1. Go through (1) out of contact with any strand residue (DSSP E or B) (no Cβ under 8 Å at 6 or more places or on another chain); (2) under 30 Å from ILE90 (Cβ atoms); (3) open to solvent by 100 Å² or more (accessible area, probe 1.4 Å) one by one and return the number of the condition GLU153 breaks.
2. Examine the range 66-73 for a residue that is open to solvent by 40 Å² or more (accessible area, probe 1.4 Å) and of a type in the set (Gly, Ala, Ser), and state whether such a residue exists.
3. Given the condition touching a Phe, Trp or Tyr at 6+ places or on another chain (Cβ under 8 Å), open to solvent by 10 Å² or more (accessible area, probe 1.4 Å) and on the phi < 0 side of the Ramachandran plot, answer yes or no: does some residue in the range 100-119 qualify?
4. Would a scan of the range 177-184 turn up a residue that is under 20 Å from TYR107 (Cβ atoms), among the aliphatic types (A, V, I, L, M) and modelled with pLDDT under 95?
5. Please determine whether any residue of the range 56-65 is in a loop (DSSP other than H, G, I, E, B) and over 18 Å from the mean Cα position of the chain (by Cα).
6. Pull out all pairs, ordered by first then second residue, where Cβ-Cβ is under 7 Å, the residues are six or more apart or on different chains, the first lies in the range 136-164 and is within 28 Å of VAL201 (Cβ to Cβ) and free of Cβ contacts under 8 Å to residues at least 24 places away in the same chain, and the second is open to solvent by 60 Å² or more (accessible area, probe 1.4 Å) and assigned to a loop (DSSP other than H, G, I, E, B).
7. Taking the range 1-14, which residues are touching a residue at least 24 places away in the same chain (Cβ under 8 Å) and open to solvent by 30 Å² or more (accessible area, probe 1.4 Å)?
8. Hey, among GLY94, GLY127, which residue is part of a helix (DSSP H, G or I) and either surrounded by 10 or more Cβ atoms within 10 Å (Cβ to Cβ) or at pLDDT 95 or above (or both)?
Amino acid sequence: EVQAIAVIPARGGSKRIPHKNIREFAGKPMIAWSIEAALASGCFARVIVSTDDDEIACVAEAFGAEVPFRRPAMLSDDHTGTIPVIAHAIDWLGEQGQAPDAVCCLYATAPFVQAEDLHAGFRALQGGDNVDYAFSVTSYAFPIQRALRLTAEGRVTMFQPEHFHTRSQDLEEAWHDAGQFYWGRAAAWCKGTPIFSERAVPVTLPRHRVQDIDTPEDWQRAEWLFKAWQAQQDGGA
């Protein structure tokens with residue numbers, strides 16, 4: 001049986017939205033939604049939060065996650081990427097004699113993540129020999145080929161002027177990272193294998209369940225979407 005672990009990175013320093021990872025979102029600390037989805041999925045032998053912050057650790061433990069180590073300061077600054085943080089957790093587990101086969105990096109600010117999405121990612125990761133990662137994606141709402149650039153002179157130019165006359169329905173659909181979860185083989189995380197490649201399988205999500213939360217405006221929009229989505233669920237629609 002494949003040994004799977006969830007790692008939720010949640011450092012303390014958040015400049016644009018202070019205490020973002022534990023600020024209340026729709027009635028719970030933000031990180032609680034990710035922890036509860038991971039626990040509900042039944043995919044994981046352990047759900048671990050990687051943090052450098054005691055307050056985040058307390059909240060995480062209160063909602064059922066483990067915080068068995070403190071993330072070192074050198075992996076807790078603004079410039080640290082996701083892969084080294086997950087590799088650090090895998091190395092720590094290996095030192096305890098509990099090396100996992102598969103690790104899901106689940107973001108602390110992913111309140112829309114669902115247990116069934118995590119299941120779908122786990123199945124996708126196990127679905128082929130040449131799969132290193134499986135992660136959530138969603139489609140762009142507008143054709144990226146018709147994107148505009150705002151110039152220093154206060155005017156506009158097209159990124160791809162050759163598509164000015166192309167009909168939207170004739171343009172290839174584009175997708176982007178939904179920023180919720182990244183399943184990966186432990187060996188791929190530890191080698192630093194890039195996530196975005198032909199060795200990654202997409203798990204597609206509807207746009208109404210995807211919202212980056214980087215600014216106060218993002219936060220407000222996410223709460224509106226979340227409450228509307230919850231109301232629909234409660235209404236059985």
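The values are calculated or read from the model by the stated rules, or taken from the named source; none is laboratory data. As the structure is a computational prediction, the values presented were derived from the model and not from experiment. Don't worry about glycine lacking a Cβ; one is built from the backbone with ideal geometry, like all the others, and counts go over all protein chains shown. Only protein heavy atoms, including side chains, enter the accessible area calculation; ligands, DNA and RNA are left aside. Shrake-Rupley method; radii C 1.70, N 1.55, O 1.52, S 1.80 Å.
1. If we test GLU153 against (1) out of contact with any strand residue (DSSP E or B) (no Cβ under 8 Å at 6 or more places or on another chain); (2) under 30 Å from ILE90 (Cβ atoms); (3) open to solvent by 100 Å² or more (accessible area, probe 1.4 Å), just (2) comes out false.
2. Yes, the range 66-73 contains a residue that is open to solvent by 40 Å² or more (accessible area, probe 1.4 Å) and of a type in the set (Gly, Ala, Ser).
3. Taking the range 100-119 and keeping what is touching a Phe, Trp or Tyr at 6+ places or on another chain (Cβ under 8 Å), we get 102-107, 110-113, 117-118.
Next, from what is left, pick out any that are open to solvent by 10 Å² or more (accessible area, probe 1.4 Å): 107, 117.
Okay, now just the ones that are also on the phi < 0 side of the Ramachandran plot, so 107, 117.
The answer is yes; a qualifying residue exists.
4. no
5. Yes, there is a match, as at least one residue in the range 56-65 is in a loop (DSSP other than H, G, I, E, B) and over 18 Å from the mean Cα position of the chain (by Cα).
6. So the pair list comes out as ALA147/PHE159.
7. VAL2, GLN3, ARG11, GLY13
8. GLY94
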